[in-house]
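The values are calculated or read from the model by the stated rules, or taken from the named source; none is laboratory data. Predicted model, so just to flag it, every value in this text is computed and none were measured. Here the Cβ positions follow ideal geometry from the backbone for every residue, glycine too, while neighbour counts run over all protein chains shown. Side chains included, ligands, DNA and RNA excluded: accessible areas come from the protein's heavy atoms. Shrake-Rupley method; radii C 1.70, N 1.55, O 1.52, S 1.80 Å.
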Amino acid sequence: MASREIVQYRSPLRTAYGIFAVVFLAAYLIWSLLPLFIMFVSSIKDLLEAFQLPAVGDWGNAIPTFFNFTPTFAHYENLFVRENFGVYLQNSLIAAAGSAAISVVLGAMTAYGLSRLEFRFKKDLFFWIISTRMAPVVAVIVPLWAIFRGLDLVGTLPGLIIAYTTFNLPFAIWILKGFFDNVPYAIEEAAMCDGCTRLQALREILPLVAPGVGAFLVLCILFAWNDYLFASIIGSGGAKTLPAATRGLVQPQNIQWGSIMAAGVVTTVPMMFLGLLIRRYLVAGLTMGAVRE
Amino acid sequence: MSAVTDAGEFAGALADRPAERGADWGAFTVTHEPATFNRPWSNRFYWVMMLPAIILLACISLYPFFWLIYMSLHSVGEMGQIEGWNDFRNYTRLINDKEFLNGWWLLIKYSAMCMVLEVIIGVFLAVVLNGSRFEKVLVTLFLMPMMMAPVIAGTVWYFLYNGTFGWYHWLFQSLGILDAKSILGDPSTAMFGIVLVDVWQWTPLITLITLAGLKRVPQDQAEANLVDGAGPVKNFLQITLPNLYPFLLIAILLRFMDNFRFIDAILVLTGGGPADATKILPVYLFDVTFSFFKLDRGSAIAFTLLLVTIILGLLLVRVFEDPSQKRAATAAGA
C-alpha cells in the first residue's frame, strides 16, 4: 500500500496508538467470539455444570469455574436419538438447497436476459425485484400464510421452498445481473460468429460466471437455512427446520440448556464453513452487490 | 452493453444489392449465394430466458401483495376467510392504536440505537484493522457471528443474559453496570439487551463495508494532505471520511432494512415484553397476526410497514444507481 511509503516517525503518540490498537482488537475479538465459545463449551457440559457461576465480583474464580467440567456428548445424543433432529436436519437441507437451486437457476437465466437486453420498463422491473427482496418477512408472511392455507401448503416442504424463494429469487437475479454485466458481450458475439447458436454462446461464457454463481448458490442456502419466521409459520407442523426446532426446545419450564446449545452448534457450524468457503464473495453478497472487495 | 446490433440490417443491406453478387472481391470470388442470410437477431431468446422467473416472482410476490391489500380492506376470519367489506375500519382503528404508534416509535429508537453503535464501533474497528498485520485472519474471525441464524443468536444470548446462571449477567453485575435485576426482565434495560445482540451480530458487516471503502481512499489525496501538514486525525476527517461516505450510506441503509426485516432474535429474547418495552412494530405485527389471528388488522399494519420499506428501498436504489457513488463503490470491483 502506498501509505506505507510515507515516512513515519516514532512518536510517543504513535506508540500509544499502537498499543491501543492491539488492546482494542483483542477486546473486540473476545467480545465477538466469547458467545460462540460459551455455546460450544456449554453444549458439552453436564446440566449442573452449565449452571455454575462464581459469586458476583469474584473475578479470580471465573475461569476455573468455567472450565470445571467433564466433557460429555450426551446432549448431541439426546438431540439425534430422542428429539428427531435427524429429520429436522434433513428438512433444513431440502428446503434450503431446493429453494437455492430454483432461485439460482431461474435467477441466472433472468439476470442474463436483463443484462443483455434494453427495454422500456427495465428500471421499474428492477425496482420491483429489489423491493421484493427488501420487504420485511413479517409483512410478507401474512398474505402468504392465508394463501398457503387455501392451497394446503402450510407445514409442507414444498410450501417452505416456495416461501424461501420469495427472498432468494430476487436476491439471485439482482446479484447475478451484476455478474453478467461484467462479462463482455464480445465473447458471445465471437462465439456466434463462429457459428454458435445463442444457447451455445451462453455456454461459452458460463465458465466465466460459474464461480460467482456457485458462491451465490451457497449464499442462498445460507439465507434459507438461517431463516426462522417462515420456518415457524409456514413450516409449522410437518416441515420443522433446525432453527425452528432449536427454538422449540426453549420452553418455560424445564429448559434443556445443554441440548439447546448443542442444537445451536449443529445449526451454526455448517454455515460457518460455508461462510469461509465463499469468503471472497461475502461482502458483495451481503450488500446486494453494492460494495465489492 | 446493448444486445441490439446492426447485424440484421447488415445482412439485409447485402441482400439488397444483387449487382454485387458474384462479384470479384479480390482474395476470392463469390460464386454462389448462401442458402439464407442470418436472420435479424430477435430478442425473443432473452425474453424466454427471463419469463419463468418473472412469472414465478409475480405469483409469490405480486399476487400476495394484492391479496394483502384486499385483506386489509375487509373483515377476515381466523382461518383467512373473507367476511365482508368494513369501510376502512382496519386503517381507521390504527390511528387510535397506542401499541401501533408505540411500535413505530420503538422501531425507530431500536434502529437508531443499533445504527449509532454499529457505525461507531464498526468504522473504528475497520480503521484500526486496515493494514494491520493480521487483517485477513481477524476479519475472518470477526465474520463468524454473522453466519449464525439470528434466532440461534437470540437463544444463545437469552442463555447468557439469564438472571441466575447467565455469564453475561454475572459479567455486567461484576462490572457494576447492573444491579440484581435481570437484563431482559426489566423494561428499562430490555431494549439495551436486544440492541446489544444486534450490535454483536452485525457490527462486522459495517466493518467489512468500511474496509472495502478504506482500500479505495485515494492515497495521493491523503499524501498531499499530509504533506500540507495535516495530522492523522485531520487527515481522517478531511480525506478518509468524505471518501467513505457512499460506503457508509449503503451500510446504514442496508442495516436499517435488516432491522425492519429480522425480528427473530427479539422474538426469542423478549417476545416484545416486558410491559411492551421492546414491542417494535414488526413484533407487534407478528403478535396481532399469529398470536391473536387478527389477519385483517395484521394486513393493515403490514401494509404500512411495507410502504415505509418501499420508500427506504427507493432511497437505496437511488444510492446504488447514482453514477458518482456507484463509481466510488464498485470501482476496481471484479
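In region A:62-78, how many residues are within 14 Å of chain B (Cβ to nearest Cβ) and either among the basic types (Lys, Arg) or surrounded by 13 or more Cβ atoms within 10 Å (Cβ to Cβ) (or both)? Total meeting the criteria: 5. Name the single residue, out of those in region B:34-70 being within 10 Å of chain A (Cβ to nearest Cβ) and assigned to a loop (DSSP other than H, G, I, E, B), that is modelled with the highest pLDDT. The selected residue is B:Asn43. Kindly evaluate A:Gln251 against the criterion of being surrounded by fewer than 22 Cβ atoms within 10 Å (Cβ to Cβ), within 20 Å of B:Ile152 (Cβ to Cβ) and out of contact with any Gly (no Cβ under 9 Å at 6 or more places or on another chain). Yes; evaluated as a whole, the condition is true for this residue. Against the definition (open to solvent by 90 Å² or more (accessible area, probe 1.4 Å), more than 30 Å from B:Pro187 (Cα to Cα), part of a helix (DSSP H, G or I) and modelled with pLDDT under 80), how does B:Glu9 come out, yes or no? Taking the combined requirement at face value, the residue satisfies it. Scan region A:152-162 and give yes if some residue there is more than 17 Å from the chain's Cα centre (by Cα) and within 7 Å of chain B (Cβ to nearest Cβ), otherwise no. The answer is yes; a qualifying residue exists. Per the conditions (1) at pLDDT below 85; (2) open to solvent by less than 50 Å² (accessible area, probe 1.4 Å), the sole criterion not satisfied by A:Leu48 is (2). Of everything in region B:287-311 that is at the interface with chain A (Cβ under 8 Å from one of its Cβ atoms) and open to solvent by 30 Å² or more (accessible area, probe 1.4 Å), the residue that is modelled with the lowest pLDDT is B:Ile310.
Of all helices (runs of 4 or more DSSP H) completely enclosed by region A:235-293, which ones contain at least 3 residues that are within 15 Å of the chain's Cα centre (by Cα)? Where helices (runs of 4 or more DSSP H) fall fully within region A:235-293 and carry at least 3 residues being within 15 Å of the chain's Cα centre (by Cα), they are A:257-277, A:279-286. Scanning region A:144-188 for residues that are among the polar types (S, T, N, Q), in a loop (DSSP other than H, G, I, E, B) and in contact (Cβ under 8 Å) with a residue 24 or more places away in the chain yields a single hit, A:Thr156. Given the criterion of a type in the set (A, V, I, L, M), more than 9 Å from every other protein chain (Cβ to nearest Cβ) and over 22 Å from the mean Cα position of the chain (by Cα), identify the matching residue among B:Leu73, B:Leu138, B:Leu160, B:Leu117. None of the others qualify; the one that does is B:Leu73. Scanning region A:106-122 for residues that are open to solvent by less than 50 Å² (accessible area, probe 1.4 Å), without any contact (Cβ under 8 Å) to a residue 60 or more places away in the chain and within 15 Å of A:Leu199 (Cα to Cα) returns a single hit, A:Gly113.
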